[in-house]
């Protein structure tokens with residue numbers, strides 16, 4: 001994906017806490033916002049305020065999974081699947 005510019009931040013949970021991944025992200029100019037595993041000896045820098053934004057992302061995915069057609073991916077083409085996601089997000093934002 002060299003045509004896509006790297007994101008400014010990558011927010012991930014403890015399962016993605018690996019030195020290789022952190023090094024890769026830093027080399028491409030991305031700031032890793034990953035909670036360190038509790039058994040790490042040397043704790044890498046961690047921005048707890050930015051990490052709290054992960055909750056918003058998790059809740060958005062949970063809302064998407066409430067719609068069975070999206071959760072099980074009934075639409076086989078990427079275009080139709082993206083249209084379904086846009087429709088669900090529009091309906092859930094409108095209902096709030």
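Side notes on the structure shown:
- Scanning region 54-73 for residues that are loosely packed, with under 12 Cβ neighbours inside 10 Å and part of a loop (DSSP other than H, G, I, E, B) gives 66, 72, 73.
- Among the residues of region 30-53, those that are closer than 18 Å to residue 15 by Cα and part of a helix (DSSP H, G or I) comprise 48, 50, 51.
- Selection count, region 25-44, where residues are exposed (fewer than 14 other Cβ atoms within 10 Å of the Cβ) and at negative phi: 11
- Filtered residue count, region 66-91, keeping only those that are at pLDDT below 85 and within 27 Å of residue 8 (Cα to Cα): 1
- For region 3-20, filtered to residues that are assigned to a helix (DSSP H, G or I) and free of Cβ contacts under 8 Å to residues at least 12 places away in the same chain, the residue that is surrounded by the fewest Cβ atoms within 10 Å (Cβ to Cβ) is 20.
- Verdict on residue 47 being exposed (fewer than 11 other Cβ atoms within 10 Å of the Cβ) and farther than 22 Å from residue 5 by Cα: no
The values are calculated or read from the model by the stated rules, or taken from the named source; none is laboratory data. Predicted, not measured: the structure shown is a model, and the values here were computed from it. Every residue, glycine as well, gets a Cβ built from its backbone with ideal geometry; the counts of neighbours run over all protein chains shown.
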